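In what follows, a structure is listed as structure tokens, so that the remarks can point back to it.
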Amino acid sequence: MSLKNIFLVLFSVLFYHVQAQERVLNFDVKVQIEKSGTIQVIENITIKAEGNIFKHGLLRTYPLTRKDKDGNQIDVEYLINSIKKDGQTENYFTEKDGNDWKVYIGDKDVELENGTYKYQIIYNVPFQIGYFDYYDELYWNVTGNGWDFPIDKATCQFFLPGDNKFENLHCYTGLAGDSSSNCISSLNANKTIVAFSAVHLGPNEGLTVAASFAKGIVDPPTFEQKSSSFYKQIKVPVWSSVFLIAMSLFFFFSWKKHGKDPVKKTIIPEFLPPFNWSPALVGYVYYREIKKKNYMASLINAAVKGAVKISSSVESGIFLNKDIYEIEVLNKDLTALTTEEAALLNPISKKVKVKVDNSNYKIFDNAYSKWHDNVTKQIKLEEFYQNNTSKKWIGFAVLLIAGLSFEVLSNNRGYINYTFYAGLIAAVTALTYWFTQSEKSTGWTILKGILAFFIFIPATAIFFMTFFFLNTTQMIVVGIGVLMYIFYVRTLGKFTEKGADAVQRLEGFKLYLETAEKDRMNMLNPPELTPQLFEQLFPYAIALGVEIEWGKQFEEILELAKYNPEWYQGEDQFYRRPVLFVSDFGSSVNAAGIDPNPKSSSSSGGSSGSSGSWSSGSSGGGSSGGGRGGGGGGGW
């Protein structure tokens, strides 16, 4: 085949593809500007359908918000007068999708045959005129920039009421934000009609036009309209302030009533454990929770009492050496120990020696469980500390109610189903009030739980989903509210009088353990520092997290005494590394309780060119995609 014939074939294929490609053949728009400021828009859209994009008909998308000249989001309302296809009334339905209003033209049960179709959409839109100091204008995004296929030709005409004349005019083409003017603008002889046209718009390219006219031709907004517009401009800052002030007041007074601790008294150093508590109980009450470090403190305390011997050896590795620990229960009679220490050693005592690694994880997991249960049975933490969990949930419900209300009342970004949100807020409010009332009946309690599941969980999901449709200011405000709640939750726990007294004494004991020798002179008759004292209080220092400070006070004393406790045997001398021992041994104990072979779990992996600002487009400072109108479309 000759080169000429090849080019002819390629040209024929390309020509056929261009001819057959689904697209908009003509997008003609006429805009009648009414004296009231409302505009009537007649869109005549001619498409070429091939059954791929345009299956049932035309999809036209309109933006539900625009920006005014100050950058505020303003709702846009559309009133459809008629929709036709090839001159005949056509079926259609609409849906709101975020900030877009979608008009589906056609019948979902009827497919279009291949061919050319002309659709006409007539609708009214109020409040689209831009009012400036010396002129007014209509700045209109004719086609929108949300078409994924070409538009062969786009035209637009503006008409003023009566015989009034237009002044400046300008048009823009290209992608959203482009200021290119590959288009034609013209006036008729008496300047009462402006016309714009553009050809060969590519995918996501559009035509935007603007024309100005003298003030007074179109009525300015009425006082009621201005008031409504002013409210829409200020409602975000107003409701933001109301939301933040209301949440601040609620959280503050709720904390003051339920979470403010008793007045702290002067801390006096104590040289012995208060209440003759064990290390585990000291750590549990002080931290108000079970910590793994307290578990290790109990184990070492049992060793100090002579019930356990801890041995260490060094295992050589490829790159690093590793300390290996073993525990040997010396005294099977555990009656001399505290109940939680006895519970801890009971599973370990069934073997002569137990290596501290996860090969014995069942033993250590069992030991920890028994120790944990025993500690929590000895101390009823609610007698010392009120967590106020129910108040925290009430606080979250209040945040949910206030947050949903704020999202609705400050809404400036298009359609929102006010009835649905009002019903949701009312349901959450009623359920929250019910939760504040005490119920003795188990049935009512179960009903509360069921309603909470079916109301609170969906409401929470809707609250956070709506969050992503807010503007930046609203997001920041809601974010601040959530942070306030987090801070509220973290500070709502409250010590009882008994708990405050206990923690005050524990603080005094901790102060003694962590105070350096040079500062001990300020204490009244502190005990002499001896290896025996170090050993006696070492588990308590671990439980309170001050083992480093406690160990530093005894460095010279232990060095001089060449102190090596009877309960420890290792290749290195204990007095050289008591703090390091705590770290290494603690890591080994924690790792020993972890299953080395855990059960595995399987896993598996629109619209554009919406309305721009109110800034002047007729003066040449606009862009494609600017002004009012816009949106896009496609087939369905």
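The values are calculated or read from the model by the stated rules, or taken from the named source; none is laboratory data. Owing to the predicted nature of the structure, the values given are computational and were not obtained by experimental measurement. Ideal geometry is used to build each Cβ from the backbone, glycine not excepted, and the neighbour counts take in all protein chains shown.
Would you point out which residue out of Phe243, Phe223, Phe250, Phe213 is surrounded by 14 or more Cβ atoms within 10 Å (Cβ to Cβ), among the aromatic types (Phe, Trp, Tyr) and more than 30 Å from Leu400 (Cα to Cα)?
Phe213
Which condition breaks for Ala302 when tested against (1) touching a helix residue (DSSP H, G or I) at 6+ places or on another chain (Cβ under 7 Å); (2) surrounded by 15 or more Cβ atoms within 10 Å (Cβ to Cβ); (3) modelled with pLDDT under 90?
(3)
Mind checking which pairs have a first residue in the range 400-427 that is outside the structural domain of Gly479 (by the TED database) and in a helix (DSSP H, G or I) and a second that is at pLDDT 85 or above and not aliphatic (A, V, I, L, M), Cβ under 9 Å, 6 or more apart or different chains?
If the second residue must be at pLDDT 85 or above and not aliphatic (A, V, I, L, M), no pairs are left.
Output the residue which, of all residues in the range 117-156 that are acidic (Asp, Glu) and part of a strand (DSSP E or B), is surrounded by the fewest Cβ atoms within 10 Å (Cβ to Cβ).
Pass one, the range 117-156, residues acidic (Asp, Glu): 133, 136-137, 148, 152.
Among the residues that remain, those that are also part of a strand (DSSP E or B) are: 136-137, 152.
Working: Asp136: 21, Glu137: 27, Asp152: 14.
So, considering only residues that are acidic (Asp, Glu) and part of a strand (DSSP E or B), the one surrounded by the fewest Cβ atoms within 10 Å (Cβ to Cβ) is Asp152.
For the range 281-317, name all the residues that are of a type outside the set (Gly, Ala, Ser), more than 40 Å from the chain's Cα centre (by Cα) and within 20 Å of Lys350 (Cβ to Cβ).
Across the range 281-317, the qualifying residues are Leu299, Lys305, Val308, Lys309, Ile310.
Hey, any hits in the range 436-445 for a residue that's in contact with an Asp or Glu (Cβ under 7 Å, 6 or more places away or on another chain) and more than 30 Å from Ser312 (Cβ to Cβ)? Let's see the steps before the verdict.
Taking the range 436-445 and keeping what is in contact with an Asp or Glu (Cβ under 7 Å, 6 or more places away or on another chain), we get 445.
Now narrow it down to the ones that are more than 30 Å from Ser312 (Cβ to Cβ): 445.
Yes: one or more hits.
Out of all the residues in the range 258-280, which are out of contact with any Asp or Glu (no Cβ under 8 Å at 6 or more places or on another chain) and either within 30 Å of Ala342 (Cβ to Cβ) or modelled with pLDDT of 90 or more (or both)?
Those that are out of contact with any Asp or Glu (no Cβ under 8 Å at 6 or more places or on another chain) and either within 30 Å of Ala342 (Cβ to Cβ) or modelled with pLDDT of 90 or more (or both): Glu270, Phe271, Leu272, Pro273, Pro274, Phe275, Asn276, Trp277, Pro279.
In the list Lys257, Lys191, which residue meets the criterion of being outside the structural domain of Met484 (by the TED database), basic (Lys, Arg) and under 34 Å from the mean Cα position of the chain (by Cα)?
Lys257
Can you tell me which residue among Leu431, Leu447, Leu451 is assigned to a helix (DSSP H, G or I), crowded, with 17+ Cβ neighbours inside 10 Å and more than 23 Å from the chain's Cα centre (by Cα)?
Among Leu431, Leu447, Leu451, only Leu431 is assigned to a helix (DSSP H, G or I), crowded, with 17+ Cβ neighbours inside 10 Å and more than 23 Å from the chain's Cα centre (by Cα).
Looking at (1) of a type in the set (Lys, Arg); (2) at pLDDT 90 or above; (3) over 42 Å from the mean Cα position of the chain (by Cα), which is the only condition Arg60 fails?
Exception for Arg60: condition (3).
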